Amino acid sequence: MKQIQAISIWINGSYLIAKQFALHINYDNLIDTAIFYYSLNTEEGNKVTDGNISMTGADYLSWNGSNDYAWEWAAKTLGLTII
């Protein structure tokens, strides 16, 4: 879990503030695709939103398997700032 710059998300008629970012790899074919599950959570750890993102193409080929690269790529893909 990483701390992120607070982001306001509209959910069911109100704004919720996410301050935590969780990321888990669901699938990696070890050739050209990895799929990650992410969740954005409140400061207390309650899930605000979640989903899946796919790393393919040049992003996948540039990935050296490190966690840091995956975190930074996912944050950039989702428009988040890790703090």
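Laboratory data are not the source of any read-out in this text; all were calculated from the coordinates shown. Worth saying up front: this structure is predicted, and the values here are computed from it rather than measured. Neighbour counts are summed over all protein chains in view; Cβ atoms, including those assigned to glycine, are modelled from backbone coordinates with ideal geometry.
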| To the nearest 10 degrees, how steep is helix 67-78 against the longest Cα principal axis of the chain, on a 0 to 90 scale? | 60 degrees
| said: Sort 15-27, 41-53 by the packing proxy (mean of other Cβ within 10 Å over each peptide's residues), most packed first. | reply: 15-27, 41-53
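What net charge is computed for the residues neighbouring Ile82, neighbours being all others with C-beta under 13 Å from the C-beta of Ile82, Lys and Arg scored +1, Asp and Glu -1? Could you put the intermediate results ahead of the total?
Working: positive: Lys2, Lys19, Lys76; negative: Asp68, Glu72.
Spelling it out: positives minus negatives among the neighbours equals +1.
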| task | Work out Dmax and Rg for the chain from the C-alpha atoms and quote the Rg first, both in angstrom. | result | 13.4, 42
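On full extension of the chain, what length is gained from Ile25 through Asp50, given 0.36 nm per residue of separation minus the C-alpha to C-alpha distance? Kindly include the intermediate steps, with their values, before the conclusion.
Values: separation 25, 0.36 × 25 = 9.00 nm, distance 1.34 nm.
So the extension gain works out to 7.7 nm.
Let me have the 222 nm mean residue ellipticity of the chain computed from DSSP H runs of 4+ only, each contributing -39500 (n - 2.57), with the sum over all residues rounded to the nearest 500.
Working: 2 runs with 18 residues, N = 83.
Calculated at 222 nm, the ellipticity per residue is -6000 deg cm²/dmol.
All other residues with a Cβ under 11 Å from the Cβ of Ala34 taken together, and with Lys, Arg as +1 and Asp, Glu as -1, what is their net charge? Don't skip to the end; give the middle numbers.
Numbers: positive: none; negative: Asp28, Asp32, Asp59.
So the environment of Ala34 carries a net charge of -3.
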